[in-house]
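Derivation of every value follows stated rules applied to the coordinates shown; laboratory data play no part. Keep in mind that this is a model prediction, so the values were computed, not measured.
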Amino acid sequence: MTASTRTSAEAAAAIGCAVAQIAKSLVFRGRDSGGPLLVVASGVNRVDEKKLAALVGERIARPDADYVRAVTGFVIGGVPPVGHDQSIRTLIDADLLELDPIWAAAGTPVAVFQLTAAELVALTSGEVADLKIA
């Protein structure tokens, strides 16, 4: 893209789609295990960290940029839902299943790719869950 796609709003503006159609990749860290968790959420939704913690069975933390790059191989603002440096448990916002098409980061803050929610679930082996703040 010629414009930034770093945020959901920027990506939607660059593509010409609704912000909800942006599948944003958010990395979290298990507070006790230290393991990475990836949540792919609709661009309009905020993740309810209490719901996420209950689903994964441990408290979670927001990692710093160095952790995100170390586990995914990508910088914040360009983290795609696939192609990470290590296996990451992935949870997918159920709201994305109602949208077609959706758009996800493609590895840089100026690149995106189009797919369907069904393709996202298949590519990531993701667990669909209600993770948004009500």
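Derived scalar couplings between HN and Hα for segment 40-45 equal 9, 10, 4, x, 8, 9 Hz in order, rounded to whole Hz, by the Karplus curve 6.51 cos²θ - 1.76 cosθ + 1.60 (θ = phi - 60°), x for Gly and Pro.
Under 5 Å from the amide H of Arg89 lie the amide H atoms of Leu38, each residue being 5 or more positions distant or on a separate chain, with H modelled from the backbone and absent for Pro and chain starts. Between Ala129 and Ala3, the contour length at 0.36 nm per residue exceeds the Cα-Cα span by 42.2 nm.
Beta bridges from DSSP with both residues in the chain: antiparallel share about 60 percent, rounded to the nearest 5. Computed from phi, the 3J(HN,Hα) profile of segment 104-112 under the Karplus parametrisation 6.51, -1.76, 1.60 (θ = phi - 60°) reads 10, 4, 10, x, 9, x, 9, 9, 9 Hz, with x in place of Gly and Pro. Using the Cα coordinates of the chain, the gyration tensor eigenvalues translate into equivalent-ellipsoid semi-axes of 22, 17, 13 Å, sorted from longest to shortest.
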